[in-house]
1. Bin width 10 Å, alpha-carbon pairs only: give the P(r) of the range 25-122 as whole percents, running from 0 to the bin holding the largest distance.
2. Between R224 and R124, what length comes free when the chain is fully extended (0.36 nm per residue of separation minus the Cα-Cα distance, one decimal in nm)?
3. Once both labels are modelled 7 Å past Cα along the beta-carbon direction, what's the K89-D182 spacing in nm?
4. Based on DSSP H runs of at least 4 residues, each adding -39500 (n - 2.57), what is the mean residue ellipticity at 222 nm of the chain after dividing by all its residues, to the nearest 500 deg cm²/dmol?
5. Efficiency by 1/(1 + (r/R0)^6): what FRET value for D395 and E543, r their Cβ-Cβ distance, R0 = 30 Å, to the nearest 0.05?
6. Could you line up S143, S65 from fewest to most neighbouring Cβ atoms inside 10 Å?
7. Can you list, bin by bin at 10 Å, the percent of alpha carbon pairs in the range 434-671, starting at 0?
8. What ³J(HN,Hα) values, in whole Hz, does the Karplus curve 6.51 cos²θ - 1.76 cosθ + 1.60 give for the range 143-160 when θ = phi - 60°, with x put for Gly and Pro?
Amino acid sequence: MVGIKAMVPPTVRRAIKYPVMLAKSRVARDKPLHRKELIDVLDSEILNPCRHFRERSTPRFFVESSERDAKIEALREAIGDASVISIVKDADRICDRVFDLLGSGSTALGRPIDWHRDFKSGVRYDPALPSALFSLKSFPPGSDVKVPWELSRFQHVPTLGQAWWFTQDDKYAREFFDQFLDWKASNPPGLGINWACTMDVAIRLVNLIWGYGYFRCSAFLGDRTLEAFLCSVWEHSTHIENNLEFGYIAGQEVVSNHYLADVAGLVFAGILFPEFKDAGRWRQIGLEGLLRSMDEQVHDEGTDFESSVSYHRLTTEIFAACYALCDLNGVDIPDAFSERLAKMVEFVAAYARPDGLSPQIGDADDGRLQILSRYAGWNRQDHRYLQTIGSVLLDRPDLAAYPEGLADCVWLFGTERTDRNRSLTRERPTRSSVGFPAFGFYSLRSGEDELVISASRVGTRGIGNHKHNDVFGIELSLDGEPILVDPGACIYTADSALRNAFRSVTSHNTVTIDDYEQNGIPENNLFGLIESCVPKIHEWVVEGTGEHVFRGSHNGFHGLSEGCHERRVAMSPSADSLFTVADQVSASGEHRARWFFHFHPLATVELAPGLARVTQGRAIAMIGWKAETPIDADLGDGWTSSAYGRREPAPVLTLGTQFKDAVQLDLEIRKL
């Protein structure tokens, strides 16, 4: 396949390598646009902006008022009246200003909303402080900056729009415009926490555009409100252009999911609002950045380079939304882009557990670009909607084996295109063992039984912003029930100790020597690791009906010069022991090894000498162990987190032994 970057002329590629703006220049570049100045930033032939934007028929967006009746009828048929009622209930809660974000629980924010307040901790960020002066080190202890950012992403707007389309109750339109105008008045460009992270600025812009699409024909969109919206589009787009986000390692520029979100905002603004004098440049920067991101952030096999399943979901969603918008408006995108996007969706299908949910490898923070269905109740580990979107967008009905995402497709693609892929509820495909070496994801599968091995290096080209110390960590499902799970991420800046605990080796189903971490965890960097652990894969045999085998090793024990761990995992569907794990741990001298087994929160675990009996749902399993040295077993309470800001107790089994120079632990896993 031709490289994606090769599709962009070299001179253009250089043009997109913008330097990171200094704080002083960032503040200087941000300024509010008064509605009387609007005509100055639009093309000269547009003398009456409001009339022009009300009467224009192109470019096209995903929701157009002329398609309302057809989409509403199709959605009622596809998702049923109960789902429509759920949408309206969610929208009613939004009208009541009740939000449940990032583990906050249902919280009434009152009128007006304080957009600068972390309503979980009560901390309020200074609205008059220049946005460029905020930093992670300046945030008060216990506060979570993601809370005001998440609220100000306006990802609740599509739900308001959908409720208005279903009911034609003007309270939903009034609520959108009331919130938008209040937010705009409370957040001048360049001031306060909500302009501090460009990614959030871009996501907010995309969702405000969704609001404009849904409510464009509302009586509440008067001329002054329309002018305010257009000014806000210009303010957001100008800020994004001047504050693109990069990372650096060894002096080299690195782009990640933040940069991708940034350029996605410019893609939306540049394509949908070509009347702005700067729109051509926004579009160019956005499209070139989109291609660059696909080339640099996504491996040839279609996996994201940040060592996180959740961030793979986020980047897939962003790439798909931008590609869909380009497709809708006749904007050419290289075939290499869509081919790799298809591989990204294939990875989503491949990593889905037997129960349909995703394993929690690496970080997870509930990150989305746009939430088009189940706003209040979407499952953070259910990524199947992307299979459905990919199926329709890429004309690949083989990708969609689930009805999840059907509503998303109707909103994005309309009824006719979605109907062509109504094989969405067909039987699930046969599951087989699969490996993605660049990501470090290996799955041994037989029917509803699966053992996943994580074997990823420090991602994002060695930055490790969303990587955990989980090398050779496993997840186990039997009879479709999750047994051993990765505990997740739980939190970021609000609790640095808890953040580091969840990314520690002790929070993953693997082994440590003398409690050394696999990669160094810096005390002053919550979004980085010091790479010490470089896994090597020696054997990956999954052909035929015989034994399927994974074998790898690493010497990643940060601070321990000679430590080594080799793990061999085998699946034998016809044997009494479905899975076997053989661990060899070595280090010169006297040491202590500890193995960790984190169970699903609903699992019941009973210990007996040399084994654990596990009951979870309809699955009953036995996990046995043996070694040449005495093994002590301790069953205690640990934590798992299935969504950001939330955690719940779960059983954790720890096996430990003293050894000199080397020790081997053998595990066997049986179904009872």
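Any read-out appearing in this document is the output of simple, stated calculations on the displayed coordinates, not a laboratory observation. As the structure is a computational prediction, the values presented were derived from the model and not from experiment. FYI the Cβ positions are ideal-geometry reconstructions off the backbone, even for glycines, and counts take in every protein chain you see.
1. 10, 21, 22, 33, 13, 0
2. Here the segment from R224 to R124 would lengthen by 33.0 nm.
3. Rounded to a tenth, the inter-label distance reads 2.4 nm.
4. For the chain, the value works out to -11000 deg cm²/dmol.
5. The formula returns an efficiency of 0.50 here.
6. Lowest count first: S65, S143.
7. 8, 33, 39, 19, 2
8. 8, 10, 5, 5, 5, x, 4, 5, 4, 7, 6, 6, 6, 7, 5, x, 5, 4
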